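Note sheet for the following structure.
The values are calculated or read from the model by the stated rules, or taken from the named source; none is laboratory data. This structure is a prediction, so every number in the text was calculated from the model and none was measured. Cβ placement follows ideal geometry from the backbone for every residue including glycine, while neighbour counts extend to all protein chains displayed.
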Amino acid sequence: MKTRPSLFVAATLITTLLVPGAILGAPSVVGASTTPDCVAAQLRLTKGQAQGAAGTTYVPLILTNTGAACAIWGVAAVQPVRGAAHVAVGPAARNLSMGQMPMRHVLAKGASVSDAFGVTDTGNYPKASCVARRASGVEVSLGSFVTKRYLALSISVCTKRASTTTRLLSAGTQG
């Protein structure tokens, strides 16, 4: 029967195309999904070197793993604050990654992910729609990974409109 070899060849071809590595014995990525999620106690929050571009200063907000390998993903929620009581100053940062799928980052001990926290120059907005105020820092949250961690950062923000932005985490310390 000539149909059996054709069926075998077709099945082999389909399996090879749909399941990469199934025939060649490529390593499985199943192990990556078994890495436990990062917990707040093992993540250190710091800021990177600020860089300006077109009226916005970007400050990388860096999360570094200080413990065993763990996984993290998402978009940090960032709220400018002032004073010892961390009183909110203006709206929280706008998420510029809406509609994008977050990447899962597996961090070895000492590895980092970062958020490109953007601070738009308040002079870019009409005074009446901005009302600029100084913030002494930001509170950063990231789902179950980090809850309201304070980071000193002297910035000027609008109180009537969002003048700060946040994005999906990216690998490394550059945001």
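Odds and ends about this structure:
- Filter result (within 21 Å of A68 (Cα to Cα) and either of a type in the set (V, I, T) or in a strand (DSSP E or B) (or both)) within segment 93-140: H105, V106, L107, S112, V113, S114
- Selection within segment 57-76 - surrounded by fewer than 19 Cβ atoms within 10 Å (Cβ to Cβ) and closer than 28 Å to R104 by Cβ: T64, T66, G67, A68, A69, A71, W73
- Total residues in segment 123-159 satisfying the condition of being modelled with pLDDT of 95 or more and under 16 Å from R82 (Cβ atoms): the figure is 20.
- From the options G143, G137, G110, residue that is assigned by TED's automatic domain parsing to the domain that holds V39, loosely packed, with under 13 Cβ neighbours inside 10 Å and not aliphatic (A, V, I, L, M): G110
- Residues satisfying the stated conditions in segment 123-141, i.e. hydroxyl-bearing (S, T, Y) and under 14 Å from A93 (Cα atoms): S141
- Within segment 64-92, tally of residues that are under 30 Å from N124 (Cα atoms) and either basic (K, R) or not in a loop (DSSP other than H, G, I, E, B) (or both): 9
- Breaking point among (1) over 22 Å from A53 (Cα atoms); (2) touching a residue at least 12 places away in the same chain (Cβ under 8 Å), for R167: (1)
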